[in-house]
1. Non-local amide H neighbours of CYS55 (under 5 Å, H modeled in plane, Pro and chain starts lacking H): which ones?
2. How large is the Kirkwood hydrodynamic radius of segment 93-150, counting all unique pairs of alpha carbons, in Å?
3. If packing is taken as the mean number of other Cβ atoms within 10 Å per residue, what is the order of 19-28, 88-97, highest first?
4. Taking only the alpha-carbon atoms of the chain, what semi-axes of the equivalent ellipsoid follow from 5 times the gyration tensor eigenvalues under a square root, in whole Å, largest first?
5. May I ask you to evaluate 6.51 cos²θ - 1.76 cosθ + 1.60, the Karplus curve with θ = phi - 60°, for each residue of segment 65-78 and list the ³J(HN,Hα) values in order in whole Hz, giving x for glycine and proline?
6. Considering Cα pairs under 8 angstrom that are at least six residues apart, work out the relative contact order of the chain and quote it in whole percent.
7. Ignoring ligands, DNA and RNA, what accessible area per residue does the chain give at 1.4 Å, in Å²?
8. Rounded to a whole number, what % of the accessible area of segment 1-132 do carbon and sulfur atoms account for, probe 1.4 Å?
Amino acid sequence: MSFWPEDFAPKIPAAWAGPNGFIPRVRYLELFEAVLEPFGRALGLPPDYMARTNCSTFALESHVVYLDDARPGERLLCRFHFADADAKRVHYLQTLHRAADGPVLAAYECLCMHVDLGLRRGVPFPDAAAARARRIAEAHGRQPWPLGPRLVIRFHAEDAAA
């Protein structure tokens, strides 16, 4: 499993402190969301991709696991692990850590779909992006799943028929 991107280690702002001194759950989601632009670039979908193509990704299903508290001032690292990918969808897990070898503080598992915003329906990723996603999923598939049980998602058409 790799860090993605290598330099994503945001410092949690003091303003994010909740009444108990820890960051609230919703802020974890902001951290997971913040790394999605570099994630898109890694697949060949640059920041102007949506404006140029009128396409984006939508979450179809997601799950968040909170394992430990984070405090303002800490720096957290985000890791990605691709579970699977096909022409239209990517199933991935993001994990937040205090350090490269630190335990998981929170995890966000998501199945997302590439969507044409005008049609409001799923369409295939550009060929190069789909190929990159499949290569990453294949490489990550040789590694152990990083955290607990996975979402049960009927992902491929042949699975849905089972």
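1. Answer set, sorted by chain and number: LEU117.
2. It is 13.9 Å.
3. Sorting 19-28, 88-97 by mean packing, highest first, produces 88-97, 19-28.
4. Taking √(5λ) for each eigenvalue gives 28, 18, 15 Å, largest first.
5. Going residue by residue, I get 10, 10, 10, 7, 8, 10, 10, x, x, 6, 9, 10, 9, 10 Hz, with x marking Gly and Pro.
6. With pairs under 8 Å counted, the relative contact order is 25 percent.
7. 54 Å²
8. Roughly 53 percent, rounded to a whole number.
The values are calculated or read from the model by the stated rules, or taken from the named source; none is laboratory data. Since the structure is predicted, the reported quantities are computational estimates derived from the model, not experimental observations. With ideal geometry, Cβ positions are generated from the backbone for all residues, glycine too; neighbour counts draw on all protein chains shown. Note: areas computed on protein heavy atoms with side chains; ligands, DNA, RNA excluded. Shrake-Rupley method; radii C 1.70, N 1.55, O 1.52, S 1.80 Å.
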